[in-house]
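Below: one structure, written as structure tokens.
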Amino acid sequence: MRLTTACGIEGWGEVYAATVGPRAMDAVIADVFARHMQGENPENLELMFRRAYSAGFSQRPDPTVTGAFSGLEIACWDILGKARGRPVWALIGGRTNARLRAYSYLYPAPGSDIAGFWVDPDRNAEAALRLVAQGFTAVKFDPAGPYTIRGGHEPAASDIGRSVAFCRAIRAAVGDRADLLFGTHGQFTTAGAIRLGRAIAPFGPLWFEEPIPPDDPLGLAEVARATGLAIAVGERLAGRAEFATVLRTGGARILQPALGRMGGIWEARKLAALAEAFGAGIAPHHYAGPVAWVANLHLAAAIPNLLMVETVGLPGSFHLRLLRDGVTFEGGFVLPPEGPGLGIEIDTALARAHPCSGDRLHLDMQEAPCDYAAPNRFEGGAPPEP
């Protein structure tokens, strides 16, 4: 999205994900802007956040309204930085980190069989080696079976076996040159997550990501205690209050705010300060477009408790082409943008040439239950690039 001030300064923002379709979300964004932001000084971010957070007698995080505000808030920071001639990281504490350690999911090689990749440990090990050769020191993968609408389920024995095979193959390939980041998407019961976590623990993953649904912080703490693994969580949380509950219960010490959902850059900066008091690290989550990713980079540059940043767009990718290749990689590290505001220039012609034409929601969950009779063949990851 793009906001323009009365004096003509443009700011870019992005919403991470919503619970309504694209056309309905357009209307939500317009409504949030008209009710809480239109005509306001873009400096008054706290005031605008409190308006949106309290709307409709709520005063609790709503992922759709908070997501809409998040994208608009990021655009305000872009405007403020441009007005002052400084990058956003300089306005939220200054640069603490000159290079940002990055990680990526494992993806198939161009032109290869995509469906088969997601269930093949050896091909994932080859993909991990490709990233390590580029300088990455952490890789993420998610072989643990389907995400269903039925809440947490017990993992199938075949899903546990495949998860162990993935960890074994990737660890053997990369040795101690890269950390293993074991991704799930909240698909297990507490007991099932404990079984899976204990099975993969011998391979030393740096984290076990969102093993149970996000509405059970007490269960998350039980998983952490029973497995001894570092739990990472945050992609589906909105607002620092939800993260605070996870910190208080001991459910996680690695937090993954998605800036296009949780309330924007300022709310994420508050979260980083809160997490610092608990000894928790921040690993900003990214599974959206390039504007939300760059917002992550500005947060990451400014905070002392950064662990690493997620990246989907690698050099030469569609995401980076949208930014006119304006973000610099140094091996497996990203450099914080130096230009004013977010420090990016959007290739609007390229964006218009690839309009969103679908109506699906983010990471739709399957209605069918987990299959315990035959191996689950879940196709994760991202679609092929344009």
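We did not get these values from a lab; they are worked out from the coordinates using the rules stated. Note that the structure is a prediction, hence the values are computed from the model and not measured. Counting neighbours? That spans all protein chains shown, and the Cβs are built from the backbone with ideal geometry, glycine included.
Applying the criteria of a DSSP loop state and at most 14 other Cβ atoms within 10 Å to the chymotrypsin sites (Phe, Trp or Tyr not before Pro) of the stretch 18-112 yields Phe57.
A straight chain from Leu47 to Ala191 at 0.36 nm per residue would run longer than the Cα-Cα distance by 47.6 nm.
A Förster radius of 30 Å, combined with the Cβ-Cβ distance separating Glu338 from Arg177, puts the computed FRET efficiency at roughly 0.50. Distance between the 7 Å Cα→Cβ label points at Ala201 and Arg225: 1.4 nm. The distance between label points at Thr328 and Ser58 comes to 4.1 nm (points 7 Å beyond Cα on the Cα→Cβ vector).
Note on the chain: dipole from Cβ charges, positive end direction compared against Met308, Met25, Gln134; the farthest Cα belongs to Met308.
In plain terms, the residue of Asp176, Asp142, Asp159 with the fewest other Cβ atoms within 10 Å comes first and the most crowded comes last, giving Asp176, Asp142, Asp159.
What is the dipole size for the stretch 10-386, taken about its Cα centre, with +1 at each Lys and Arg Cβ and -1 at each Asp and Glu Cβ, in debye to the nearest 20?
Values: 34 positive and 40 negative charges, 154 e Å.
For the stretch 10-386, the charge dipole is close to 740 debye.
Applying the Karplus relation 6.51 cos²θ - 1.76 cosθ + 1.60 with θ = phi - 60° to the stretch 63-71 yields 3J(HN,Hα) values of x, 7, 5, 5, x, 4, 5, 4, x Hz, where x marks Gly and Pro.
Evaluate E = 1/(1 + (r/R0)^6) for Glu10 and Gln134, where r is the Cβ-Cβ distance and R0 equals 35 Å; express this FRET efficiency to the nearest 0.05. Each step should come with its number before you reach the end.
Numbers: r = 33 Å, r/R0 = 0.95.
For R0 = 35 Å, the calculated efficiency reads 0.55.
Its DSSP H runs of at least 4 residues, each contributing -39,500 (n - 2.57), put the calculated 222 nm mean residue ellipticity of the chain at -12000 deg cm²/dmol, to the nearest 500.
For the stretch 40-50, the Karplus equation 6.51 cos²θ - 1.76 cosθ + 1.60, evaluated at θ = phi - 60°, returns couplings of 8, 5, x, 5, 7, 5, 5, 4, 5, 4, 4 Hz by residue, with Gly and Pro reported as x.
Measuring nothing but alpha carbons in the stretch 60-134 and taking Rh as the Kirkwood radius, the Rg to Rh ratio lands at 1.19.
What length, rounded to one decimal in nm, is gained on full extension from Ala34 through to Ile149, with 0.36 nm per residue of separation minus their alpha-carbon distance? Display every interim value, and only then the final one.
Working: separation 115, 0.36 × 115 = 41.40 nm, distance 3.38 nm.
The span from Ala34 to Ile149 would gain 38.0 nm if fully extended.
Considering only Gly145, Gly85, Gly260, the Gaussian network model of the chain with Cα springs below 10 Å gives its largest mean-square fluctuation to Gly85.
Which GluC sites (Glu not before Pro) does the stretch 41-140 hold that lie in a coil by DSSP with at most 11 other beta carbons within 10 Å?
Working: sites: Glu43, Glu46, Glu73, Glu126; in loops: Glu43.
Taking the stretch 41-140 and a limit of 11 other Cβ atoms within 10 Å, no loop GluC sites (Glu not before Pro) are found.
Just how many % of Cα pairs in the stretch 145-286 lie over 25 Å apart, if you round to the nearest whole percent? The proportion of pairs with Cα distances above 25 Å equals 26 percent.
Per the Cα gyration tensor, the chain maps to an equivalent ellipsoid with semi-axes of 33, 23, 21 Å, ordered largest to smallest.
Take every Cα pair under 8 Å whose residues are at least 6 apart in sequence, average their separation, divide by the length of the chain, and the relative contact order is 23 percent. Find how many whole Å separate the alpha carbon centroid of the stretch 185-219 from the alpha carbon centroid of the stretch 248-299. When both Cα centres are located, 20 Å separates them. With both labels modelled 7 Å from their Cα along Cα-to-Cβ, the Ala98 to Glu345 distance reads 2.6 nm. Taking packing as the residue-averaged number of other Cβ atoms within 10 angstrom, the listed peptides 343-354, 291-302 run from highest to lowest as 291-302, 343-354.
Farthest towards the positive end of the charge dipole of the chain, among the residues Phe378, Ala244, His36, is the Cα of Ala244, using unit charges on the Cβ of Lys, Arg, Asp and Glu.
Given R₀ = 41 Å, what would the calculated FRET efficiency be for Tyr372 paired with Thr249, taking r from the Cβ atoms and rounding to 0.05? My answer for the efficiency is 0.85. Mean-square fluctuations from a GNM of the chain, with a 10 angstrom spring cutoff on Cα atoms, peak among Ala232, Ala169, Ala55 at Ala55. Springs between Cα atoms under 10 Å define the GNM used for the chain, and in it the highest mean-square fluctuation of Gly263, Gly161, Gly358 occurs at Gly358.
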